[in-house]
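What follows is one structure encoded as structure tokens, with my remarks underneath.
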């Protein structure tokens with residue numbers, strides 16, 4: 001089985017030449033092991049930020065390091081973590097698990113991506129922003145150069161299943177959430193958050209590749 005990384009980022013702009021990533025959701029799947037989830041937020045350089053991108057991804061509503069200096073970062077709890085001591089409170093999903101730095105996040109990201117096949121909803125864009133982030137902190141994107149765009153996989157699957165590809169054409173059906181609705185319960189996911197978008201890509205991938213695929 002291939003090492004897989006289900007990957008999504010939220011950014012300050014759709015243009016990777018001007019913008020930067022500020023949130024990363026990553027699910028690591030290695031042979032014989034349970035999936036491991038990672039969720040980071042990084043205070044970006046805002047000089048090239050696009051207001052629309054910030055509003056869609058909820059930057060000022062959700063980013064826990066938005067008041068910090070550029071390069072400050074946080075690792076967030078992907079799921080509820082129950083306290084094992086009266087000195088440490090339990091954590092709900094999305095609460096800060098650890099205060100870290102952008103170089104620390106880049107190091108972890110580089111090692112998780114090494115040799116992996118990346119699956120995502122818009123992996124070419126995520127790749128560009130991820131590579132830019134890694135380059136900035138002295139690392140290299142070494143995942144497989146062939147990315148799996150789950151939108152294309154889902155569209156192709158639905159076309160093949162229909163028996164008449166002309167009934168499903170890129171258009172309304174090309175919108176990721178409408179495509180994924182054929183495979184997963186969209187109400188389970190918080191739209192436009194990096195980790196839940198990575199989860200949606202993972203669950204759609206699993207639904208299509210399962211022997212019990214619809």
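The values are calculated or read from the model by the stated rules, or taken from the named source; none is laboratory data. Given the structure is predicted, the values throughout are model-derived calculations rather than measurements. Using ideal geometry, Cβ is built from the backbone for each residue, glycine included, and neighbour counts are taken over all protein chains shown.
Residue-by-condition table, conditions (1) buried (at least 22 other Cβ atoms within 10 Å of the Cβ); (2) in contact with a strand residue (DSSP E or B) (Cβ under 8 Å, 6 or more places away or on another chain); (3) at pLDDT 95 or above:
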| residue | (1), (2), (3) |
| --- | --- |
| 11 | yes, yes, yes |
| 24 | yes, yes, yes |
| 35 | no, yes, yes |
| 46 | no, no, yes |
| 64 | no, yes, yes |
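Among the numbered criteria (1) modelled with pLDDT of 95 or more; (2) over 24 Å from residue 13 (Cα atoms); (3) in a loop (DSSP other than H, G, I, E, B), which single criterion is violated by residue 139? If we test residue 139 against (1) modelled with pLDDT of 95 or more; (2) over 24 Å from residue 13 (Cα atoms); (3) in a loop (DSSP other than H, G, I, E, B), just (2) comes out false. Restricting attention to the range 51-62, the residues being surrounded by fewer than 17 Cβ atoms within 10 Å (Cβ to Cβ) and part of a helix (DSSP H, G or I) number 6.
Within the group 139, 112, which residue is in the same structural domain as residue 28 (by TED's automatic domain parsing) and in contact with a helix residue (DSSP H, G or I) (Cβ under 7 Å, 6 or more places away or on another chain)? Write out each step before concluding.
Details: 112 fails: in contact with a helix residue (DSSP H, G or I) (Cβ under 7 Å, 6 or more places away or on another chain).
Every option except 139 fails the conditions.
Here the range 93-121 is the region considered, the condition is being modelled with pLDDT under 95 and in a loop (DSSP other than H, G, I, E, B), and the residue that is surrounded by the most Cβ atoms within 10 Å (Cβ to Cβ) is 121.
Kindly evaluate residue 127 against the criterion of being farther than 24 Å from residue 14 by Cβ and buried (at least 17 other Cβ atoms within 10 Å of the Cβ).
Considered against the rule, which asks whether it is farther than 24 Å from residue 14 by Cβ and buried (at least 17 other Cβ atoms within 10 Å of the Cβ), residue 127 comes out as no.
Residue-wise test of (1) touching a helix residue (DSSP H, G or I) at 6+ places or on another chain (Cβ under 6 Å); (2) outside any loop (DSSP other than H, G, I, E, B).
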residue	(1), (2)
7	yes, yes
13	yes, no
31	no, no
38	no, yes
49	no, no
73	yes, yes
